[in-house]
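Notes for the one structure printed next.
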Amino acid sequence: MSYDFPSMLGVQQRFESTPPVDLGSAVSGGLESIKPRLKPGMSVAVGVGSRGISNLSEIVLLVIAELKKAGTNPFIIPAMGSHGGASAEGQLELLAGYGVTEESMAVPIRPSMEVAPLGVSASGREVLWSREAIAADGVVVINRVKPHTDFNGVMGSGLTKMLVVGLGKHAGASAYHAGALTLGYEESLEDLARVIFDKAPVLGGVALIENAMHDTARLEVVPAEAIPAREPELCVEAKHLMPTLPFDEIDLLIVDRIGKNISGTGMDTNVIGRGVHGFHLTPGESPDNPFIWRIFVRGLTPETHGNAIGIGMAEATTSRLIAEVDAEAMRTNVITARSVQCAKLPMDFATDAEAIQAMLASLPDSSPAKARVVRIRDTLTLDQFEISGALLEAASEIPALEPLGQAAPMAFGSDGNLNPLGQV
């Protein structure tokens with residue numbers, strides 16, 4: 001290729017380490033807080049979502065085993081709002097992708113999308129909830145706690161969101177997001193959650209926090225009555241441990257893959273500094289950090305099953321990604337979430353080389369040698385990535401960054417597409 005692409009260098013980013021978690025002890029010990037409410041023969045719905053949570057199938061199995069020991073009859077409900085195309089079959093498929101099946105868990109999975117009203121919230125909204133969850137004698141949800149991708153607030157994404165949105169199924173999730181546009185995201189969450197805690201048989205939740213290496217850093221069982229006070233504290237801890245990009249300004253961010261298993265918005269808005277309802281394209285107008293001039297997304301994860309939500313936050317993609325998009329699944333998700341910007345399709349190119357060349361040409365200074373380029377696998381994996389030569393000086397001033405080898409020309413295969421990360 002005659003075009004002079006930037007040279008790239010692999011770097012290692014060091015993050016705060018966390019001690020390993022004994023998952024079995026954490027589950028058995030944590031469930032002691034709700035065991036007085038577990039009566040022999042009662043049915044307990046276990047809500048499991050669509051995120052790519054580390055150790056998810058093992059944790060679900062441990063929770064089910066403890067519930068069985070208490071003499072209860074647990075079963076699983078997919079707690080994922082409109083994901084999986086808002087269908088029972090699609091949500092079963094998502095769970096299976098994480099190893100959560102009736103065979104592996106040895107309990108029934110009840111994926112019905114039917115909802116029923118629980119009551120009316122303080123703002124006058126009807127609260128819709130899973131019929132299967134309402135019919136259960138008790139409900140336990142399992143979810144990762146982290147800063148939300150749609151709003152900045154103390155609650156974030158975790159147990160409360162899963163109770164409101166996940167177990168609200170498609171209808172409840174849609175009602176929540178509609179109200180959030182006028183009432184506010186966190187205010188809407190709390191408004192509906194009050195009814196759920198008051199009227200529904202919620203026993204508690206298993207809160208998970210992951211460190212920057214995507215390892216389980218904490219597993220805590222939170223009784224229902226403690227969730228409103230405890231979850232904001234867990235969200236602060238999760239935010240502290242989240243991986244970030246260490247640069248204030250990037251000319252081109254190359255993202256190898258996006259997907260629902262990576263983030264609810266495909267790529268985490270807290271990492272890329274772009275919001276689901278639009279973003280600024282000049283640094284002086286942007287309140288976000290880092291400021292990224294251009295984003296190029298190369299592909300989708302298999303686990304996202306064609307749902308390319310978040311692609312609308314990029315300027316460029318590939319024709320092969322477009323060919324993999326399940327348009328109906330993506331539309332259902334973004335319309336339910338009211339984040340329609342996330343489904344806009346950017347310019348697509350036949351090869352990575354063409355996309356990168358076009359994005360560099362669209363910058364204020366189109367010189368490849370001056371382009372501050374970062375390439376990551378996804379927004380969940382920021383321990384190793386690549387930077388261009390123009391970022392070497394800035395990188396040398398960041399103690400957490402360590403170079404891996406020497407800078408080399410951006411490496412493409414014979415098809416014009418980038419070689420795998422770390423391979424020249």
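The values are calculated or read from the model by the stated rules, or taken from the named source; none is laboratory data. Small disclaimer: the values here were computed from a predicted structure and weren't measured. As a convention, Cβ positions derive from the backbone with ideal geometry for all residues, glycine included, and neighbour counts pool all protein chains shown.
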Which members of region 316-369 meet the condition of being farther than 30 Å from Met80 by Cβ, polar (S, T, N, Q) and not in a loop (DSSP other than H, G, I, E, B)?
-> Gln357
So, of the residues in region 337-390 that are more than 18 Å from Asp251 (Cα to Cα) and small (Gly, Ala, Ser), which turns out to be surrounded by the most Cβ atoms within 10 Å (Cβ to Cβ)?
-> Ala337
Run down Ser123, Ser82, Ser130 and say which single residue is loosely packed, with under 15 Cβ neighbours inside 10 Å, within 26 Å of Glu187 (Cα to Cα), among the polar types (S, T, N, Q) and touching a helix residue (DSSP H, G or I) at 6+ places or on another chain (Cβ under 8 Å).
-> Ser123
Filter region 382-424 down to the residues that are among the β-branched types (Val, Ile, Thr) and part of a loop (DSSP other than H, G, I, E, B), then identify the one that is farthest from the chain's Cα centre (by Cα).
-> Val424
Counted residues, region 370-381 - those being at pLDDT 95 or above, of a type in the set (A, V, I, L, M) and outside any strand (DSSP E or B) = 1
Residues of region 412-421 satisfying the condition of being surrounded by 13 or more Cβ atoms within 10 Å (Cβ to Cβ) and touching a residue at least 24 places away in the same chain (Cβ under 8 Å) | Phe412, Gly416, Asn417, Leu418, Leu421
Tell me which of these Ser396 doesn't satisfy, since it passes every other one: (1) surrounded by fewer than 17 Cβ atoms within 10 Å (Cβ to Cβ); (2) under 26 Å from Gly90 (Cα atoms); (3) without any contact (Cβ under 8 Å) to a residue 40 or more places away in the chain.
-> (2)
Of the conditions (1) in contact with a strand residue (DSSP E or B) (Cβ under 7 Å, 6 or more places away or on another chain); (2) among the aliphatic types (A, V, I, L, M); (3) in a helix (DSSP H, G or I); (4) modelled with pLDDT of 95 or more, Val222 fails just one. Which one is it?
-> (3)
Residue ID - modelled with the lowest pLDDT, chosen from residues in region 402-421 that are farther than 26 Å from Thr265 by Cβ and in contact with a helix residue (DSSP H, G or I) (Cβ under 7 Å, 6 or more places away or on another chain) | Ala407
Please identify the pairs in which a residue from region 24-50 that is free of Cβ contacts under 8 Å to residues at least 40 places away in the same chain and of a type outside the set (A, V, I, L, M) has its Cβ atom under 8 Å from the Cβ atom of a residue that is crowded, with 17+ Cβ neighbours inside 10 Å and in a helix (DSSP H, G or I), counting only partners at least 6 apart or on another chain.
-> Gly24/Leu62; Ser28/Leu62; Ser28/Glu66
Please name all residue pairs, on different chains or six or more residues apart, with Cβ atoms under 8 Å, provided the first residue is in region 344-373 and is of a type in the set (Lys, Arg) and the second residue is assigned to a loop (DSSP other than H, G, I, E, B).
-> Arg372/Phe247
Does Glu328 satisfy being surrounded by fewer than 22 Cβ atoms within 10 Å (Cβ to Cβ) and either more than 23 Å from Pro6 (Cα to Cα) or among the polar types (S, T, N, Q) (or both)?
-> yes
